Each structure stands twice: as structure tokens, then as C-alpha cells.
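Below: the structure, in C-alpha cells.
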Amino acid sequence: MRKFIKVVYLALSRETLIELDDSHNPKTVKAILENLPIKVIINKWGEELYTDKTPITVNEENPTKQVNLFDVAYWPPSQAICLFYGPTPISKPNRILAYSPVNVVGRIIPYLDEKCNVLEKIHDKTMVFIKKIN
């Protein structure tokens with residue numbers, strides 16, 4: 001079953017749609033859904049957005065350090081949700097790398113030019129609201 005959540009950037013009145021995929025990390029997806037909605041601060045590291053600590057608590061589950069463009073992941077050490085929309089400061093050519101292993105849980109569904117119009121405009125300490133939409 002397709003599951004969707006969205007991140008609402010309160011100061012910008014904009015949002016990002018995310019499709020969750022529980023085929024690789026079902027425990028992580030379940031924990032995220034069980035803890036929504038969440039109001040949390042989001043920060044920026046290169047072209048990655050990551051939340052401050054959330055109430056979600058899950059261990060590593062099929063962790064990976066290399067992610068794909070528009071992947072959404074859970075970062076167990078910081079209990080954070082991460083949105084990858086380009087390279088991080090430690091990425092290599094053609095390889096987007098997370099700071100440490102993450103559990104990939106889904107993908108950003110880009111709308112038109114999501115990267116330029118929304119994601120690149122987010123700054124550190126932006127308040128967001130993450131919620132289910134189905």
C-alpha cells in the first residue's frame with residue numbers, strides 16, 4: 001500500500017510530498033507513521049535537510065551511507081528524518097553520502113522544480129510540521 005506524508009515549512013507556507021516505501025525498512029516506516037504528526041526544527045547540511053531529534057526511536061535496519069537523489073531516510077543516532085536533494089559536504093562525484101548510515105524510508109515526490117523552488121530556500125532552524133496525508 002502506498003503511504004504518503006508531507007513536510008510543511010511553516011514560515012514559507014510550502015510543503016514537500018514524500019512517498020514512503022516499507023519494502024526495505026518496514027520497522028522504520030511503521031515507527032515514523034506511529035509518531036506523526038511531529039512539529040520539529042529542520043536544519044541544512046549541504047543539500048540535505050535533517051530534523052532535530054524526533055520522538056521516533058528505531059535502530060539501524062538495512063542501513064546505508066550512500067543514498068539517491070530525493071531519498072528520505074531516518075538517521076538512528078540523532079533520531080532524525082533526512083531529506084536528500086543533492087550532495088552533502090562529504091559526497092563524492094556521482095555519490096550522495098550521508099554523514100553516517102541511515103535507514104532509507106522513501107522518496108521526495110518532486111513537484112515541478114521542487115529543488116529550486118522549495119528545498120534550496122530552507123535555512124537552518126526552520127520549523128516544520130510532518131504529517132500523514134492518507
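Where a number appears in this text, it was derived from the coordinates with a stated rule and is not lab data. What you see is a predicted model, and the numbers here were worked out from it, not measured in a lab. All Cβ positions, glycine included, derive from the backbone under ideal geometry; neighbour counts span all protein chains shown.
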(message) Suppose we keep only residues that are within 27 Å of residue 87 (Cα to Cα) and of a type in the set (Lys, Arg) within region 28-46. Which one would you say is nearest to the chain's Cα centre (by Cα)?
(response) 44
(message) Of everything in region 72-88, what is surrounded by fewer than 19 Cβ atoms within 10 Å (Cβ to Cβ) and either within 11 Å of the chain's Cα centre (by Cα) or outside any loop (DSSP other than H, G, I, E, B) (or both)? Give them in sequence order.
(response) 77, 78
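Any chance region 18-26 includes a residue that's closer than 16 Å to residue 103 by Cβ, assigned to a strand (DSSP E or B) and in contact with a Phe, Trp or Tyr (Cβ under 6 Å, 6 or more places away or on another chain)?
Yes, region 18-26 contains a residue that is closer than 16 Å to residue 103 by Cβ, assigned to a strand (DSSP E or B) and in contact with a Phe, Trp or Tyr (Cβ under 6 Å, 6 or more places away or on another chain).
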(message) What's the number of the only condition in (1) without any contact (Cβ under 8 Å) to a residue 40 or more places away in the chain; (2) under 13 Å from the mean Cα position of the chain (by Cα); (3) not in a loop (DSSP other than H, G, I, E, B) that residue 53 fails to meet?
(response) (3)
(request) Identify, by number, the condition in (1) in contact with a helix residue (DSSP H, G or I) (Cβ under 8 Å, 6 or more places away or on another chain); (2) closer than 21 Å to residue 10 by Cα; (3) among the hydrophobic types (A, V, I, L, M, F, W, C) that residue 58 doesn't meet. (result) (2)
(request) Scan (1) in contact (Cβ under 8 Å) with a residue 40 or more places away in the chain; (2) under 19 Å from residue 88 (Cβ atoms); (3) assigned to a loop (DSSP other than H, G, I, E, B); (4) not small (Gly, Ala, Ser) for the single condition residue 69 breaks and write down its number. (result) (1)
